[in-house]
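Colleague: First the structure, then my questions, so here it is.
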Amino acid sequence: MKKTTLSTLFGLALLTLASCQQGLGGETDSTGIETSENGGGQPREYYSDTVTIYIPNEKEPVFLEVNLNRRELEDHTGFQHYYYLRYQDEKGDYSDFAQEIYPERAPHTFKFLETWENELFEDLSTRETYAFSVLVDGEVFEVELSGLEGDFLTKNTPEYTRYTSVGGATVSHNGMTQQAHAVLEKAYSVDDSVYVYFDGIETLDNRTDSMHLWDEDGNYYYFDKTEVFSQPENYSSHSWLLHKDFEENITQKSFEVEVDFSETKTEWVIKMPEFGVEMTLNTDAEFSENPSHGPVEGQLKTREGEVKEVNGWFTHYARS
């Protein structure tokens, strides 16, 4: 599998779940990323759907992420659609990017996105389903998500509303179907200049470490630990954690995490005091690019002394 490097693009996507693209107002560099301030700070709507798929194969885990962003044009005549694809398996690392302007905010199929369907339940609950297909280096992957219930509200203002659902997926490729873990992150904003494309984003000095993790029983853990060294008004250092216990059918949030980590190490010690959990994780991935990402595995120990195997995916990003 060929390797395509889009590190700068993915780095900005990690920071805001999107990046400013050509045609949104302001000057752009050679990548199409906007280099001026928010197109004058005019209120614009913003929407994002991010699907993360993780298949914990014994040989080598498979990771797939599809990120669909739509930002309203400054003259309010349509939406800039900019999509990211990231995939990794034992053959290598592949990424792709697409952008286009459409009158509507609903996702459109073009370039690597072959099909896309999102259906809400008729009972008006938070449940929903997704089915889509993408091209990865010329090969079609068909994905169906299930068990999405809107588990976690993670941003709660009109200027930035975001929620996360954790469920399962089936992934079909080359005549084979596999079961997978799935995470859906969905966001929208009525004015993206406040928390998404805030003043100071282009000179932001920060570091973010995050992980999607599942224990041997399929229970989910996520953490985001971000240190901000510059002083933008609407973006500061933070830690937050999510946990979904499928056995007990409960969800938990926390805003306290301790991470013993450095770029020269291949081991993390992660303490989640409010969950009563400590993890020791290892990776063979190299920190050769920014962002760096790859599989992790290790053990989870509860305050009661129970030990479980745990594995998943990490992302590290630093910007200055």
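Colleague: What is the fewest-to-most order of S125, S48 by other Cβ atoms lying within 10 Å of their Cβ?
Modeller: S125, S48
Colleague: So which GluC sites (Glu not before Pro) in segment 209-250 are both in a DSSP loop and have at most 11 other Cβ atoms within 10 Å of their Cβ?
Modeller: E233, E247, E248
Colleague: Here's another thing I want to ask about it. Can you sort T177, T50 so the residue with the fewest Cβ neighbours within 10 Å comes first?
Modeller: By the 10 Å Cβ count, ascending: T177, T50.
Colleague: Which links in K155/K271; K225/K308; K253/K301; K91/K111; K155/K301 stretch past 20 Å when you go from one Cα to the other?
Modeller: K155/K271; K225/K308; K91/K111; K155/K301
Colleague: Now a separate question. Just rank S189, S165, fewest to most, by other beta-carbon atoms within 10 angstrom.
Modeller: Details: S189 26, S165 22.
Listed from fewest to most nearby Cβ atoms, that is S165, S189.
Values in this text are rule-based calculations from the coordinates and carry no lab data. From a predicted model like this one, the values you see are computed outputs, not experimental measurements. Glycine also receives a Cβ, built like all others from the backbone with ideal geometry; neighbour counts cover every protein chain displayed.
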